[in-house]
Structure formats: structure tokens, C-alpha cells
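Visitor: Can you keep this structure in mind? I'll have questions shortly.
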Amino acid sequence: KGTLTGHSSLVLSVAFSPDGKTLASGSSDKTVKLWDLSGGTPVEKGTLKGHSEAVSSVAWNHDGSLLASGSYDGTVRLWTPDGQEKGTLRGHSAAVNSVAFSPDSKYVASGSGAFGRSDNSVRIWEVATGKEVCSLKGHDCPVLSVAYSPDGKFVASASGDIYGNGGTNCVKIWNVETMEEKCTLTGHS
């Protein structure tokens, strides 16, 4: 359909809304842009401002009624499709590198970590209250990606030694009910 321009710096993440009519893009310009794809030509329909550092990850919930954005400022922000901020989730002590909603949209997971900062955790947040449900710790490197299983019973988190400090490149699978690590998958070098 065309090239979407509007960010003033690197675009780090993109996500389609479930109906495919809106694209969210997160950038190192500290903004999220929403793009209307419903017509013949894509149109910018809003710029979401609030993060104080780069926006590293964006994700929609299952019905497109909420968008989560993770940032190097250590926060997750929740937005409506029309660009209204619904809340800020604070608790990480390093960059948020990835966000993902549970299949029922009741929870959002965030993965964190950065060079010289030892957060390296996955946090689970209750969307309705904005409260942290738990912090899953066990990675010795930044958590770069998080994902829920389709049934919502597990969260997978990926971490990597992106700085060459001898850390473990791995995937951990967490049981959401018990808040415990189910297993660690290694093999990436």
C-alpha cells in the first residue's frame, strides 16, 4: 500500500490491530504512531506521546481495544485505539524490550534488561488495575522477547548475551499459575 513515513528516528517495532485496519509503530523518537490502513492510502491517525526514551515494543490485545507500548524508559504504557493513555505500568529498573498481552487480555507481560542494569526480568501486570502480579527472575542477560502461549497458561521469555559478557542465550518457559519456571531451552550460541 505504500511507505509510511512520519517518525523522526529508527522504527523499532510494529503491530497490526486484530482487524488489520490500524498499524502501530514504535520508534526511538519516543513516540508511537497509529496508521489507518482501512482506505486505499495509509494515513497517519495519531501520535502517542508519553515515553521519555525509545519505544522498543508495541502489541495489541485480542480485540484491538488496547495497545501496550514498552520503552527504554522502563515503563509500559496502555493506550486506547484513539490514542488516549489508560495507564503507565512502572516497576522495571531497566529498558522494557518486549510486551505481550495474554490471550484473554487480562494481563500484559513485559521483558526487561539492559547493559549495566541487572533487571533481566519478566513482569506480569493486571490490565484492569495496573498492578504487578509477579516478577519472574532467572535470566542472566536482558530479556529481549516475551510471548504468551495460546491457552494463556505459559509465558515464554528469550534472553541473549548481546554484550558479549558470557551470559546465557536461552528461552525460559514460565507457568503463569504457579509463577515458576517450567524449563529452560538452550542451544543458541
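Visitor: What whole-number value in Å² describes the accessible area per residue of the chain for a 1.4 Å probe? Mind dumping the intermediate values first?
Guide: Numbers: 9050 Å² over 189 residues.
The answer is 48 Å² per residue.
Visitor: With a/c under 1.5 counting as rounded, go ahead and sort the range 1-90 into rounded, prolate or oblate using the C-alpha gyration tensor (a ≥ b ≥ c being the square roots of the eigenvalues; past the cut-off, prolate if a/b is larger than b/c, else oblate).
Guide: Values: a/c = 2.06, a/b = 1.29, b/c = 1.60.
The shape class here is oblate.
Visitor: Relative to the present Cα-Cα distance, how much length would full extension add between THR3 and THR186 at 0.36 nm per residue of separation? Don't skip to the answer; put the middle values down first.
Guide: On the way: separation 183, 0.36 × 183 = 65.88 nm, distance 3.80 nm.
Once the chain is fully extended between THR3 and THR186, it gains 62.1 nm.
Visitor: Further question on the same structure: So which of LYS21/LYS106; LYS30/LYS153; LYS49/LYS182 end up more than 27 Å apart, counting from Cα to Cα?
Guide: On the way: LYS21/LYS106 23 Å; LYS30/LYS153 32 Å; LYS49/LYS182 37 Å.
Check vs 27 Å cut-off fails for LYS30/LYS153; LYS49/LYS182.
Visitor: Relative contact order for the chain using alpha-carbon pairs under 8 Å, separation at least 6, rounded to a whole percent? Show your work: numbers first, answer last.
Guide: Values: 540 pairs, mean separation 21.0, N = 189.
In percent, rounded to a whole number, it is 11.
Visitor: Could you state the principal axis extents of the C-alpha atoms in the chain, from the largest down, to the nearest angstrom?
Guide: The Cα atoms of the chain stretch 47, 34, 28 Å along the principal axes, largest first.
Visitor: Give the aspartates and glutamates whose C-alpha is closer than 14 Å to that of LYS86, dropping any in the same chain fewer than 8 places away, or say none.
Guide: GLU126
Visitor: Right, another one. I'd like the carbon and sulfur percentage of the solvent accessible area for the chain, probe radius 1.4 Å, heavy atoms only, ligands and nucleic acids excluded. Working shown, then result.
Guide: Details: 4390 of 9050 Å².
C and S atoms contribute 49 percent here.
Visitor: Please give the contour-minus-distance gain from ASP63 to ASP36: 0.36 nm per residue of separation, less the Cα-Cα distance, rounded to one decimal in nm.
Guide: Values: separation 27, 0.36 × 27 = 9.72 nm, distance 1.65 nm.
Extending this stretch completely gives an extra 8.1 nm.
The values are calculated or read from the model by the stated rules, or taken from the named source; none is laboratory data. None of the values given here were measured: they were computed from a predicted structure. Please note that ligands, DNA and RNA were not included when accessible areas were found on the heavy atoms of the full protein model with its side chains. Shrake-Rupley method; radii C 1.70, N 1.55, O 1.52, S 1.80 Å.
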